[in-house]
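Visitor: Take a look at the following structure, please.
Read the figures in this text as sums done on the coordinates, not as results from a lab. Since we're looking at a predicted model, the values are computed, not measured. So basically every Cβ, Gly included, is an ideal-geometry build from the backbone, and we count neighbours across all protein chains shown.
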Amino acid sequence: MRERDQFAVARTALAGYAAAGRFGWGHPLVATSLATELGLSPTPVREALAHLAGEGIIEHRPGRGYFAPSPTAADIAGLYELHRQFLLWSATTDVPQEVAPMESPVDEVLRIEGVFDWLADRGGNSAVLDAYRRIRLQLRPIRRIEVLLQDTGLDSVLRLESLRREGRWDAVAENLDEYYEQRIALSASLEKVMRQSA
C-alpha cells in the first residue's frame, strides 16, 4: 500500500474511532500502537493524528503527544453554541433553495446530524459550511454520550425538519434555541460521563 493510501486509511479509521467515542476522555493516542492495530506503518498514522489535531477532532499537546478530546463543560457548551449559531445564520440567510428529500439513517445520532446538515446547507457559503462540519465532527462523540443521559432530542430535530419543509424559518429559529438550551444544560453531566469513560 502506498504511503498516501496508508494516510487516508489511518485518517478515516482514527476519525471514525474519535467520532464513535472509542477513545476515553483525554486518553493518550500512541501512534505505534494505533499503527499496529490498523496494520499500517507509524508514519502515516502520525500524519493522520497531526491532521485530525489540526481539525480539532483530537488534541495535540506539544511535547506530550496526541490525546483523545477532553472537553470541559464550558467547551461542550461552547460547541453547542457555535453549532446553534451556524444553524441560525443559515436560517436567516436569504438564499432560495429547493427542499430536497433526505435519506434517513438508522443511527439516531447520524439522523440528527443529517437534519442539521440539511438546515446548514441553506447558507451556501463553503467556508462557513467547512467550519460547521468541523464543529459537527467535534460534537459527534458528545452526542453519543447524550444517548446515555436522556432522550437525544430526535423528536425536536424532526420537528425542525418539518418546519423547514414548510418554510417557517421563525419557528425553526425558536425551536433551535429551545433544543440547544436543553443541550447546553447537559454540559456538566456530559463532561462527567466522558471523564468516567477514561
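Visitor: At 7 Å along Cα-to-Cβ for each site, give me the label-to-label distance between Arg195 and Leu158 in nm.
Guide: Computed distance between label sites Arg195 and Leu158 equals 3.6 nm.
Visitor: At 7 Å along Cα-to-Cβ for each site, give me the label-to-label distance between Val128 and Asp170 in nm.
Guide: 2.1
Visitor: Just from its helices, what would the mean residue ellipticity at 222 nm be for the chain, if runs of 4 or more DSSP H residues each count -39500 (n - 2.57) and the sum is divided by every residue, rounded to the nearest 500 deg cm²/dmol?
Guide: Details: 9 runs with 135 residues, N = 198.
Dividing the helical sum by the residues of the chain leaves -22500 deg cm²/dmol.
Visitor: Using modelled backbone amide H atoms (1.01 Å from N, in-plane), which distant-in-sequence or interchain residues come within less than 5 Å of Leu29's amide H?
Guide: Tyr66, Phe67, Ala68
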